[in-house]
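Take a look at the structure set out below.
The values are calculated or read from the model by the stated rules, or taken from the named source; none is laboratory data. The structure presented is a predicted model; accordingly, all values stated were derived computationally and were not measured. Cβ: placed from backbone, ideal geometry, glycine included. Neighbour counts: every protein chain shown.
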Amino acid sequence: MNDSIPTPFPHHDLLSLASWSGEDIRRTLELARTMKADPAAHKNLLAGKRLALIFEKDSLRTRFTFDLGIQDLGGSAVYLDHRHERLGARESVPDMAKNLERWVDVIVARTYRHRHVSELAKHARVPVINGLSDLLHPCQALADMLTLSEKWGDDMAGKKFVYMGDGNNTCHSLLHAAPKLGMHMTVCTPEGYEPNFKVMETARAAAAKNGVTLEHTSNPQEAADGAHAVYTDVWASMGQEDETEERAAVFHEFQVNETLMNLTNNAYFMHCLPAHRGQEVTAGVLEGPNSIVFDIAENRLHAQKAVLALLLCTPKPDPSSTQATSTVINA
Ligand code: CP
Ligand code: NVA
């Protein structure tokens, strides 16, 4: 494995992209493109490695692409359906981590509480990957950035990237990634649905360091003006089903439709999926010529294969050490 990935990677878990530098993200995207171009060249890279998938919420893309991804690299996956009981209910999350590390080499968890995926990482001696939490969706953002890098080439500098809708987990991870790759980013949400303050602060610092702008507005027309890519996500995320009606009324003006897309600079349309036609996006935009949603879905596979390879290339320090603990706090 180290023949293909000679330089140690500075991260042992993927909880959040907040602590990943632009260089770390670029390196991941580059490996993903290499793996995508020649899948057979890496078919034994993770031979014999086992992956545990622990999901408290539904999934199509994340579950399939991690399962297929580790198989593509010579390993195998086991899925634990945790949708009917919250993590920590039957046994503590640290105990779960200490069991899993004896059987598998890497864990992907999709949790209601971000704290739980962080706790798994803190207590497991194997890498833990956030497959979506209430706070973040880092694997999604990597696939999104990979797709844009294919469309625009590696140099994304100067593009205007717009996120429209709810300031949610997907939005947060995009905020952790796009400014570091040189994109100007505009987040457009209704009042009261802004992104997490700390995530915005982190993104602002990254934007300043990279000489790009980061703006927030509640005016969709202003946001769309001149955009090169427009991203949206569901208005009610998993766990917010009770708020669906109330949110539909609030978010109505934030729908990505043909009129809004006409204000852009022939922008790509992006969505993590699943999408709700007639709500956050019209069928015409979702299925239109500028939509790259299925390219993104495909790239979940390639981006995550790169993540698996990079995280497994350097042994994780003992979780009781200071270094492992600080990884969790940074999440
Ligand atoms: N985009 C995404 O994470 O899809 P799933 O919820 O189907 O995994
Ligand atoms: N924000 C959405 C993303 C689904 C992939 C959710 O959390 O449900």
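When we screen 95, 58 for residues that are of a type in the set (Asp, Glu), at pLDDT 95 or above and within 16 Å of ligand 2 (Cβ to nearest atom), the only hit is 58. Residues of the stretch 107-132 that are over 10 Å from the mean Cα position of the chain (by Cα), within 16 Å of ligand 1 (Cβ to nearest atom) and part of a loop (DSSP other than H, G, I, E, B): 111, 112. For the stretch 154-181, the candidate set comprises residues that are surrounded by fewer than 22 Cβ atoms within 10 Å (Cβ to Cβ) and either closer than 13 Å to residue 228 by Cα or among the basic types (Lys, Arg) (or both); within that set, the residue that is nearest to ligand 2 (Cβ to nearest atom) is 156. If only residues of the stretch 140-166 that are out of contact with any strand residue (DSSP E or B) (no Cβ under 8 Å at 6 or more places or on another chain) and assigned to a loop (DSSP other than H, G, I, E, B) are counted, the one that is modelled with the highest pLDDT is 166. Between 157, 121, the distinction of being touching a Leu at 6+ places or on another chain (Cβ under 9 Å) and under 20 Å from residue 66 (Cβ atoms) belongs to 121 only.
Checked against (1) among the aromatic types (Phe, Trp, Tyr); (2) out of contact with any Cys (no Cβ under 8 Å at 6 or more places or on another chain); (3) not in a helix (DSSP H, G or I), residue 64 passes all but a single condition, namely (3).
For the stretch 45-60, a tally of residues being crowded, with 21+ Cβ neighbours inside 10 Å and within 22 Å of residue 310 (Cβ to Cβ) returns 6.
Is it the case that the stretch 78-92 has a residue that's within 16 Å of ligand 1 (Cβ to nearest atom), in contact with a strand residue (DSSP E or B) (Cβ under 9 Å, 6 or more places away or on another chain) and within 21 Å of residue 311 (Cβ to Cβ)? Scanning the stretch 78-92, I find at least one residue that is within 16 Å of ligand 1 (Cβ to nearest atom), in contact with a strand residue (DSSP E or B) (Cβ under 9 Å, 6 or more places away or on another chain) and within 21 Å of residue 311 (Cβ to Cβ), so the answer is yes.
I'd like to verify a number: residues in the stretch 44-60 that are of a type in the set (Lys, Arg) and more than 16 Å from the chain's Cα centre (by Cα), how many? Quick ask: steps written out before the conclusion?
Start the filter on the stretch 44-60 by keeping residues that are of a type in the set (Lys, Arg), which leaves 49-50, 57.
With the extra rule that they be more than 16 Å from the chain's Cα centre (by Cα), the set shrinks to 49-50.
Number satisfying all stated conditions: 2.
Taking the criterion of being modelled with pLDDT under 95 and either among the charged types (D, E, K, R) or in a helix (DSSP H, G or I) (or both), the residues of the stretch 288-318 that qualify are 316, 318.
Could you tell me whether the stretch 239-249 includes any residue that is in contact (Cβ under 8 Å) with a residue 24 or more places away in the chain and more than 10 Å from ligand 2 (Cβ to nearest atom)? Please lay out each step first, then the result.
Narrowing the stretch 239-249 to residues in contact (Cβ under 8 Å) with a residue 24 or more places away in the chain: 239, 247-248.
Next cut, more than 10 Å from ligand 2 (Cβ to nearest atom) only: 247-248.
Yes, the stretch 239-249 has at least one match.
What number of residues within the stretch 217-244 satisfy the criterion of being away from ligand 1 (no atom under 16 Å from the Cβ), part of a strand (DSSP E or B) and either at pLDDT below 95 or surrounded by 17 or more Cβ atoms within 10 Å (Cβ to Cβ) (or both)? Don't jump to the end; show me each part of the working.
Within the stretch 217-244, the subset away from ligand 1 (no atom under 16 Å from the Cβ) is 217-230, 242-244.
Now narrow it down to the ones that are part of a strand (DSSP E or B): 217, 229-230.
Filter once more, so that each one left must be either at pLDDT below 95 or surrounded by 17 or more Cβ atoms within 10 Å (Cβ to Cβ) (or both): 229-230.
Qualifying residue count for the region: 2.
Using the structure shown, decide if residue 151 is within 22 Å of the chain's Cα centre (by Cα), more than 16 Å from ligand 1 (Cβ to nearest atom) and surrounded by fewer than 17 Cβ atoms within 10 Å (Cβ to Cβ). Explain how you work it out, then say what you get.
Working: within 22 Å of the chain's Cα centre (by Cα): yes; more than 16 Å from ligand 1 (Cβ to nearest atom): yes; surrounded by fewer than 17 Cβ atoms within 10 Å (Cβ to Cβ): yes.
In short, yes.
The residue of the stretch 61-77 that is surrounded by the most Cβ atoms within 10 Å (Cβ to Cβ), among those that are over 17 Å from the mean Cα position of the chain (by Cα) and within 16 Å of ligand 1 (Cβ to nearest atom), is 70. When the residues of the stretch 272-293 are filtered to those that are under 22 Å from residue 145 (Cα atoms) and in contact (Cβ under 8 Å) with a residue 40 or more places away in the chain, which remaining residue is farthest from ligand 2 (Cβ to nearest atom)? Per the criteria, the residue is 292.
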